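Below is one structure, written out as structure tokens; comments come after it.
The values are calculated or read from the model by the stated rules, or taken from the named source; none is laboratory data. What you see is a predicted model, and the numbers here were worked out from it, not measured in a lab. Counting neighbours? That spans all protein chains shown, and the Cβs are built from the backbone with ideal geometry, glycine included.
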Amino acid sequence: MGKTSFHILRVGMAVTFLWIGVLILKSPAAWGGYLMPWAMNLLPVPAEQAMIGTAILDIVIGVLLLIDLWTWVAALLGAVHLAIVLTVSGITEITVRDIGLLAAAVGLMIDSLPPAVIDRLKIGKKKVEING
């Protein structure tokens, strides 16, 4: 975990999540416009409230990544969140960015899994190879 590249990726992802969270809080209604109509119909709350919740989630993920606390959990939450974003926002000119962020979050999660979690990923007598 002491690799410089790991920390660059972690801090870069943290800044990205923090920044997007602040931007969404500044204009939640505008960000709600990125949702596909079918996804908006599934929301139990108005789109603006859902976006405020999304902003708070982004900020929490960003803070956890920035302070290097529960990094694998934060990266997992970020990956799930980005997968949902890709699902509900459709294919647009920014889809490729979200795919890159999703890959980065998955990589960060895998690289920061604690040994206890890795041990639970045993299949029979063989361990799943996590770090190539």
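For the residues Ile61, Ile118, Ile84, the requirement of being in contact with a strand residue (DSSP E or B) (Cβ under 9 Å, 6 or more places away or on another chain) and part of a helix (DSSP H, G or I) singles out Ile118. Ile8 passes all but one of (1) under 30 Å from Val117 (Cα atoms); (2) surrounded by 13 or more Cβ atoms within 10 Å (Cβ to Cβ); (3) not polar (S, T, N, Q); which number fails? Here Ile8 clears every test but (2). Scanning region 36-47 for residues that are over 20 Å from the mean Cα position of the chain (by Cα) and outside any loop (DSSP other than H, G, I, E, B) returns Pro37, Trp38, Met40, Asn41, Leu42. For region 53-74, indicate whether the set of residues that are polar (S, T, N, Q), modelled with pLDDT of 95 or more and either within 16 Å of the chain's Cα centre (by Cα) or surrounded by fewer than 15 Cβ atoms within 10 Å (Cβ to Cβ) (or both) is non-empty. Looking for residues that are polar (S, T, N, Q), modelled with pLDDT of 95 or more and either within 16 Å of the chain's Cα centre (by Cα) or surrounded by fewer than 15 Cβ atoms within 10 Å (Cβ to Cβ) (or both), one finds at least one in region 53-74, hence yes. Which residue is nearest to Met13 (Cα to Cα), if the candidates are limited to region 96-132 and must be modelled with pLDDT under 90 and among the β-branched types (Val, Ile, Thr)? Only one residue fits best here, namely Ile130. For Ser112, the stated conditions do not hold, so it cannot be described as closer than 22 Å to Lys26 by Cα and either in contact (Cβ under 8 Å) with a residue 24 or more places away in the chain or not acidic (Asp, Glu) (or both).
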